[in-house]
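Asker: Take this structure, written in structure tokens, and hold onto it; I'll ask about it next.
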Amino acid sequence: MYDERLRESLPRVAERIAAAQARAGRGAPVTVVAVTKGHGVAAVLAALRAGLRDVGENRVQELVEKRGELAGSAQPVWHLIGHLQRNKVRRAITLFDRIHSIDSLRLAQELSAEAVRADLTVRGLVQVNVSGEATKGGFDRARALAQIAAVAALPALAVEGLMTMAPFAADEAVVRATFAATRALLERCAGEGIALQASELSMGMSGDYEIAIEEGSTMIRLGTILFGERVP
Ligand SMILES: *Cc1c(COP(=O)(O)O)cnc(C)c1O
């Protein structure tokens, strides 16, 4: 069932990505992270069959389960996109390839310390909360620059860019302003000499990915539009 769904949804999404890039005059490649949370491992397998390489989960436990069910077959590139509790860091760092949700300095320090201990590099994005919405995690705008600098300076942690979420059910102007402010923050990092390992912008979900791409997103996290509604 997921195969059929992707056969319909993926070409449409690809078309819309291309159109959004054309409207904004942007050509940088956009990575589609297929968000399979709330769907079984069948969704991951269908995504891989459809040629998607990048898969996102927002909970460590669900990631563990799906990795286990895939044992022995090809694994996707796993993205952790949800909040990571500090007490789960040790267990989590070998499970994902990139974490989009480095949302506090303490979490960053924990990730760095465990990565040093495990002799590996954790790749991730700093999550910023430019809209100031209380329900959203991430560094607030006022202190973001200094905190991103502090995170980027930690050992064994490769900061590859920024991630954000637009306010839920906001109108288009607010969504667009959130994404534009995040891009501006990334540009300011470069201007201030904060050395990041890449310039990725993880912005955009099913409801707002076209606006995100117009505003410079390089990674969109798509669940519902690819796989249908989640079972809660
Ligand atoms: C669930 C989730 C998504 C995907 O949401 P859809 O609206 O289903 O595309 C993207 N990003 C994060 C952080 C999520 O938790």
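Asker: Report the convex hull volume per residue for region 18-99, counting only C-alpha atoms, in Å³.
Answerer: 116 Å³
Asker: In square nanometres, what is one fourth of the surface area of the convex hull spanned by the alpha carbons of region 62-139?
Answerer: On the way: hull surface 22.6 nm².
Over all viewing directions, region 62-139 projects a mean Cα-hull area of 5.7 nm².
Asker: Here is a follow-up. Mind checking region 180-232 for GluC sites (Glu not before Pro) that DSSP puts in a loop (not H, G, I, E or B) and that have at most 15 other Cβ atoms within 10 Å?
Answerer: Taking region 180-232 and a limit of 15 other Cβ atoms within 10 Å, the loop GluC sites (Glu not before Pro) found are 192, 229.
Asker: Under 8 Å for C-alpha pairs, at least 6 residues apart: give me the relative contact order for region 153-211, rounded to a whole percent.
Answerer: For region 153-211, the relative contact order is 47 percent.
Asker: Another question, then. Rounded to the nearest 10 Å², what accessible area does residue 73 have for a 1.4 Å probe in the complete protein model?
Answerer: 60 Å²
Asker: Leaving ligands, DNA and RNA out of it, report the carbon-plus-sulfur percent of the accessible area of the chain at a 1.4 Å probe.
Answerer: 50 percent
Asker: Return the Rg/Rh value of region 59-189, two decimal places, where both radii are evaluated on C-alpha atoms and Rh is the Kirkwood radius. The partial results should precede the final answer.
Answerer: On the way: Rg = 15.4 Å, Rh = 15.4 Å.
Rounded to two decimals, Rg over Rh is 1.00.
Asker: How are the alpha carbon pair distances in region 123-232 distributed across 5 Å bins from zero to the largest one, expressed in percent?
Answerer: 2, 13, 23, 23, 18, 12, 6, 3, 0
Asker: Quick one: accessible area per residue over the chain, 1.4 Å probe, rounded to a whole number of Å²?
Answerer: Accessible area per residue: 47 Å².
Asker: In whole angstrom, note down how far apart the Cα centers of region 141-210 and region 30-88 are.
Answerer: The distance from the Cα centre of region 141-210 to that of region 30-88 comes to 23 Å.
Asker: Also: In nm, to one decimal, how far is the modelled label at residue 28 from the one at residue 230, with both set 7 Å along Cα→Cβ?
Answerer: According to this spin-label approximation, the distance is 2.6 nm.
Asker: Now for a separate question. Note down, for the chain, the three equivalent ellipsoid semi-axes (square root of 5 times each alpha carbon gyration tensor eigenvalue), biggest first, whole angstrom.
Answerer: Computed over the chain, the values are 26, 24, 15 Å.
Asker: Turning to a different aspect of this structure: Out of region 2-79, which trypsin sites (Lys or Arg not before Pro) are coil in DSSP terms and have no more than 14 other C-beta atoms within 10 Å?
Answerer: Of the trypsin sites (Lys or Arg not before Pro), the ones in loops of region 2-79 whose Cβ has at most 14 other Cβ atoms within 10 Å are 53.
Asker: With θ set to phi - 60°, apply the Karplus curve 6.51 cos²θ - 1.76 cosθ + 1.60 along region 216-226 and write out the HN-Hα couplings as whole Hz, x wherever there is a Gly or Pro.
Answerer: Going residue by residue, I get x, 4, 10, 9, 10, 10, 10, x, 3, 5, 8 Hz, with x marking Gly and Pro.
The values are calculated or read from the model by the stated rules, or taken from the named source; none is laboratory data. This one's a predicted model, so the numbers in the text were calculated from it and none came from an experiment. Here the Cβ is made from the backbone with ideal geometry for all residues, glycine too, and neighbour counts use every protein chain on show. SASA here: full protein model, heavy atoms, side chains in, ligands and nucleic acids out. Shrake-Rupley method; radii C 1.70, N 1.55, O 1.52, S 1.80 Å.
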